[in-house]
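Nothing in this text is a laboratory measurement; each read-out follows from the coordinates by a stated rule. Just so you know, these numbers come straight off a predicted model, no measurement behind them. So basically every Cβ, Gly included, is an ideal-geometry build from the backbone, and we count neighbours across all protein chains shown.
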Amino acid sequence: MNVLLKSTTALGLALALTQPAWADMSDAKAFLDKEIGDVSTLSRADQEAEMQWFIDAAKPFKGMSINVVSETITTHEYESQVLAPAFSAITGINLTHDLIGEGDVVEKLQTQMQSGQNIYDAFVNDSDLIGTHWRYQQVRNLTDWMANEGADVTSPTLNLEDFIGTQFTTAPDGDLYQLPDQQFANLYWFRYDWFNDPEIQAEFKETYGYDLGVPVNWSAYEDIAEFFTGREIDGVEVYGNMDYGKKDPSLGWRYTDAWMSMAGMGDKGEPNGLPVDEWGIRVNDKSQPVGACMTRGGATNAPAAVYAVDKAIKWLQEYSPPSAAGMTFSEAGPVPAQGNIAQQMFMYTTFVAPLVDSDAVMNEDGTPKWRLAPSPHGVYWEEGMKVGYQDVGSWTLMKSTPEDRAKAAWLYAQFVTSMTVDVKKSDVGLTFIRESTINSDHFSERADKLGGLVEFYRSPDRARWSPTGTNVPDYPKLAQLWWQNIGDAMSGAKSSQEALDQLCADMENVMERLERAGIQGDLGPVMGEEKEASYWLEQPGAPKPKLDNEDEEPMTIGYDELVSSWNQ
């Protein structure tokens, strides 16, 4: 937990202990004085006006106890430990914000969907489920909600136009189903200080014949991983790659979070490939899934997918710390902060927050020894394809939640995403959701301490990093198949091809059951006719035939040149 979060946690507990039975503006002013100050895009007068609206809108719900849930990351720790007690003190609504693993969040959501029992009054769940929510229609359509039942509890200062991720929480019907609460991208991370060391640069150039820099493709990434692995720098043994490989739900995200599209498995198209997306699922012209295996025109077991898994396994085994193979997402994320990793292809930027607290990877003046850049792409990738993943954890209201409880939870969702608190919340978690926050003077002043994160989010490129799209008809059921099957490849129990053959077959079994059940109506899967894989491999786009040579000419680019293109 970082220093800022430690200090604000104490405030949150204090507010909870002193919460009056009847809330008024004095509690809001105390919160603004002690927690927000001038770290906001709003003036103090506007902050107080926004807080007054919450006080007034919450009056019908005073004394009600509400439960919400999210995964455990720094941003949500801040909400749970600081903002939730503040909200309770200001509004008189007793708000409990639970923190559990992301896999557990999906499981609880799935249970509520299947049982109709109101387990939580609101969920922060990834927009990766947008295809699920749109098809099942078990969550409140927020466009309708804000205009009708929820109109009296929808803030006039919500300012949806200021949110940067609503395109990812909007379904093909044009309606908003989820409200973004935090966003983070998968980016390439590297030790800028080592890459700019003249002796290291000269040795790399002599060894590989080209300049050490940000890798543009996987061939260059592999050379750099090989070059750094095993050498000693600053008294520590260095590794050229960091990843994780434990058979765990988070292993599935490792691959569905755009690894396959970065390799070049799917079709062109942004935010997601069409008709074949980064899960390898093909849809028809009505957005109905028709298959995942090559025999139905899918690409989950195509040569590019095999290449993607093979590369990940090779780099994990040959260029990563030995312990990485037994790690999960949450265990592996903080490792680069220890100071012995040269680069990481695939860093979730939610882990930037602990990085900035690490003396091992930060200079004495508070600037980082590392930088962030776009991840390189694989040999099957083509211009116009998806380039990376962006997590958009979003507030979701289930229809199974009683209306009064949904209204109280919706007030909290707006409180923790409000313009009053958003700059401060972003200061802690570094998971940006508002244009105004990204472009604030506060983050202009802090940008040089964050290694390119602010520059990335201010650039047009940020929109090219996108979550799972609407091709996936049932995220909870399909996501669990990935870690179970790819775990077999990671452990060596099966070859990558065998594991992916089983994965796509399992995915199609689920889609066939959804088709037979008919519970998703005209939006659900309509399985395509099976043909020889060779037929589809001869068609344009995905699935793509195996290349004779999967080792392309390595390419790098200078980091400063890259950032200059962002600024332009």
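Tally Lys and Arg at +1 and Asp and Glu at -1 over the other residues with C-beta under 9 Å from the C-beta of E102: what net charge comes out? Before the final figure, lay out the partial values.
Working: positive: none; negative: E71, D104, D126.
Residues close to E102 contribute a combined charge of -3.
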#### Entry: For the range 149-160, Karplus couplings with θ = phi - 60° (6.51, -1.76, 1.60), whole Hz, Gly/Pro x
4, x, 4, 6, 10, 9, 5, x, 10, 4, 6, 4
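List W53, W259 from most exposed to least, where exposure is judged by having the fewest other Cβ atoms within 10 Å.
Working: W53 16, W259 25.
Ordered from fewest to most neighbouring Cβ atoms within 10 Å, W53, W259 come out as W53, W259.
Treat every Asp and Glu Cβ in the range 127-199 as -1 and every Lys and Arg Cβ as +1, leave all other atoms uncharged, and give the resulting dipole magnitude about the Cα centre to the nearest 20 debye. If you can, show how the numbers build up before the last one.
Numbers: 3 positive and 12 negative charges, 51 e Å.
Magnitude of the dipole: close to 240 debye.
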## Note on the structure
Applied in sequence order to the range 121-132, the curve 6.51 cos²θ - 1.76 cosθ + 1.60 (Karplus, θ = phi - 60°) yields integer Hz couplings, x standing for Gly and Pro, of 7, 7, 10, 9, 10, 4, 5, 4, 8, 4, x, 5
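Within the P(r) computed for the range 409-568, what percentage of the Cα pairs occupies the region above 22 Å?
Numbers: 8692 of 12720 pairs.
Cα-Cα pairs of the range 409-568 separated by over 22 Å account for 68 percent.
Restricting the count to DSSP beta bridges whose residues both fall in the chain, what percent are antiparallel, rounded to a multiple of 5? Walk me through the numbers before you get to the answer.
Numbers: 28 of 40 bridges.
Percentage antiparallel, nearest 5: 70.
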### Task
Sticking with the crude label model, points 7 Å out along Cα→Cβ, report the distance from V526 to D152 in nm, one decimal please.
4.4 nm
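So for the chain, averaging the separation of alpha carbon pairs under 8 Å that are six or more residues apart and normalising by length, what relative contact order in percent results? Don't skip to the end; give the middle numbers.
Numbers: 1142 pairs, mean separation 137.7, N = 568.
Once normalised by length, the contact order is 24 percent.
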### Message
Cβ neighbours within 10 Å, averaged per peptide: list 376-382, 191-197, 302-308, 530-536 in order, most packed at the top.
### Response
302-308, 376-382, 191-197, 530-536
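Any chance you could run the full-extension gain for T367 through D548? It's 0.36 nm times the residue separation minus the Cα-Cα distance, nm to one decimal.
Values: separation 181, 0.36 × 181 = 65.16 nm, distance 4.46 nm.
Contour length minus the Cα-Cα distance gives 60.7 nm.
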### Task
For G524, enumerate residues with amide H under 5 Å from its amide H, sequence gap 5+ or separate chain, H modeled in the peptide plane.
none
## Note on the structure
Contact order relative to length for the range 194-313, counting C-alpha pairs under 8 Å separated by 6 or more residues, stands in percent at 12 percent
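All other residues with a Cβ under 10 Å from the Cβ of V238 taken together, and with Lys, Arg as +1 and Asp, Glu as -1, what is their net charge? Don't skip to the answer; put the middle values down first.
Details: positive: R191, R231; negative: E232, D234, E237.
Every neighbour counted, the sum reads -1.
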### Query
Mind listing the phi-derived Karplus ³J(HN,Hα) values for the range 62-73, rounded to whole Hz, using 6.51, -1.76 and 1.60 with θ = phi - 60°, and x for any glycine or proline?
4, x, 6, 9, 10, 10, 10, 8, 8, 6, 8, 9
### Query
Tell me, how many Å apart are the Cα centres for the range 75-114 and for the range 167-182?
20 Å
### Nonlocal Lys pairs with alpha-carbon distance under 28 Å, the range 304-409 (8 or more apart, or different chains)
5
### Hits among lysines - C-alpha to C-alpha of K425 under 21 Å, sequence gap 8 or more where chains match
K6, K29, K34, K449
### Message
Need the full-extension length gain, K34 to E538, defined as separation in residues times 0.36 nm minus the C-alpha distance. One decimal, nm.
### Response
175.0 nm
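I need the calculated FRET efficiency for the pair Q52 and Q114, taking r as the beta carbon distance and R₀ as 41 Å, to the nearest 0.05. Let's see the in-between values first.
On the way: r = 41 Å, r/R0 = 0.99.
In this case the efficiency is close to 0.50.
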